[in-house]
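A.B. asks: Can you keep this structure in mind? I'll have questions shortly.
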Amino acid sequence: MTETRSQQSQHREVPDVCLILEGTYPYVTGGVSSWTHQLITRLPEIRFHLYCLIAEKEPGPWLYPRPSNVVGVTNLSLGRMAEVGRGKGRALAPDEEEALVGVVRTFHRELLAGDPEAFGALFAAFGKAGLSPELFRTLSAGRKAWSLIREFYGEQFAGESFLDFFWMWRTTHLPLFALLSAPLPQARLYHALASGYAGMLGVMGKLSWNRPLILTEHGLYTRERKIEIALAQWIGTSREPEVAIRPIRETVKGFWMRIFEQLGRIVYHYSDQVVTLFEGNRRIQIRDGASPGKTRVVPNGIALPETIPPRRPRAPEETRTVALIGRVVPIKDVKTFIQACRLVGDQDLRARFLVMGPLDQDPDYTEECRAVVEMLGLSDRLRFTGSVRVEEYLPRIDLVVLTSLSEAQPLVIMEAAAWGIPAVATRVGACDELVNGRTREDRMLGPGGIVTSVGNPDETALAILRLLGDEPLRLRMGRSARARMERFYREEELFATYRELYREGGL
């Protein structure tokens, strides 16, 4: 169908893709951020508007060159959500307040019963009430909202700490209410790079402008939030006798997990395409509510360096450099890496260790990791580099290690493999596929490293020692890793697929 001149003009003014990001690009470095920058720069004909959800009150500096096809940026601080209610707005009448809180109550009951369509009614009610600071105040601190919180607590969690339940409610609901009170730019297509709150913004774009929504999940947002909740030590104080044991789903932690489960279900329901990086993730998405017909596996790709000098054997007395490349956050389980480094260091005096990645995303955890390094006597052998240009270090690195509790398809393994560096990685996400191969043809190339169990410093240390102590094996695995990237993970195939997905969405 031929577009009219006015339609063509409108398309030029409206960005092609509203790319919705949470806690990543362009203010944070790392695998997903690098992937995002590559997506934008490799599709120069697509005009992107970035909608960035950030934890801080103000965005930090751009950590990547700004591409010319980024035509707009919106930042929404979830850390300033309490300030949303400080502006002026129309006060809600008592009957309006009661009706709106009633919609929230119905939304919760229908959602927890497995009905993702309940969000459509909630969104419509918010729009009818007027997305204003007064609306935010009503739902976060009004009398009716307080009664609703007490109602849910009394029904299911009276035996547990009300304080835990109250903070769980605020932590999960205030960001959602802030999203519902935030303006969303018009675009021809919405592309969320996570479910959770980013995905919910994508759903809002779809409902507001009747445009397609693509969801790409690198890691599975719901799974990662559930791991974080399970590890949280401040949640779950019970007032019942210590001998009382309740199923996790009947606890505050369980309720918190269920909220994220259902937010994911909403995003899956409204998305037109649900993309992930490997088949294992796709099966979990379907289990968690995604329609099989919407799901699609699009593996990451990598740009192979044009010229890489061949890896030479190290002299027996030369230093061996072992690196963990990633954010210093609990889900990367940096502490297991540090413990493994101590075991390796006791056996191989040549080994030196690097932790390469941002240190400011969880300052408390970073300090805990530093304390473990000090306690284990590794201060002179293990260095935290902070954010660096990884490609400048790769020529000097002998082995890359990942001890993550959860991963998708970690770019760091692929980047290392492109330089002929083998990996020791936990058996999570696509790590086993990247190290050992996915298909029969792929596996015939040979392993590109060693896969280990989660949370096992002994097994990790043994794998590191095996590769550091057997130079021919390490070099052979590095060559296999490089060959795997050349054969099965070419970057140009990735971006051709996304160009086609955008075209299918009407661009």
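A.B. asks: Run the simple label-point estimate for ARG476 and ALA371 please: 7 Å along Cα→C-beta, distance reported in nm.
C.D. replies: Those two pseudo-labels are separated by 4.5 nm.
A.B. asks: Using only the alpha carbon atoms of the stretch 320-489, find the Kirkwood hydrodynamic radius as the inverse mean reciprocal pair distance, in angstroms to one decimal.
C.D. replies: Final number for the Kirkwood radius of the stretch 320-489 is 15.7 Å.
A.B. asks: Go through the stretch 337-342 residue by residue and turn each phi into a ³J(HN,Hα) via Karplus (6.51, -1.76, 1.60, θ = phi - 60°); whole Hz please, and just put x for glycine and proline.
C.D. replies: Listing the rounded values in order: 4, 4, 5, 5, 4, 4 Hz.
A.B. asks: Using 1/(1 + (r/R0)^6) with R0 = 30 angstrom and r between the beta carbons of TRP146 and ARG287, what's the FRET efficiency to the nearest 0.05?
C.D. replies: Computed FRET efficiency for TRP146 and ARG287 comes out at 0.25.
A.B. asks: Sequence-distant or interchain residues sharing an amide H contact under 5 Å with VAL424, placed H: which?
C.D. replies: Counting only residues 5 or more places away or on other chains, the set is VAL400, VAL401, LEU402, ILE450.
A.B. asks: Determine, for each peptide in 182-195, 303-316, 115-128, the mean count of other beta carbons within 10 angstrom over its residues, then list the peptides with the highest first.
C.D. replies: Result, highest mean Cβ count within 10 Å first: 182-195, 115-128, 303-316.
A.B. asks: OK, next. If each residue of separation counts as 0.36 nm, what is the full-extension length gain between GLU493 and ASN456 once their alpha-carbon separation is subtracted?
C.D. replies: Numbers: separation 37, 0.36 × 37 = 13.32 nm, distance 3.57 nm.
Full extension of this stretch gives 9.7 nm more.
A.B. asks: May I ask you to evaluate 6.51 cos²θ - 1.76 cosθ + 1.60, the Karplus curve with θ = phi - 60°, for each residue of the stretch 492-502 and list the ³J(HN,Hα) values in order in whole Hz, giving x for glycine and proline?
C.D. replies: Each residue's phi maps through the Karplus curve to give 4, 5, 4, 6, 5, 5, 5, 4, 5, 4, 5 Hz.
Rule-based calculations on the coordinates, nothing more; no lab input. All values derive from a computational prediction rather than experimental measurement. A quick note on method: Cβ atoms are made from the backbone with ideal geometry, for glycine too, and the neighbour counts reach across all protein chains shown.
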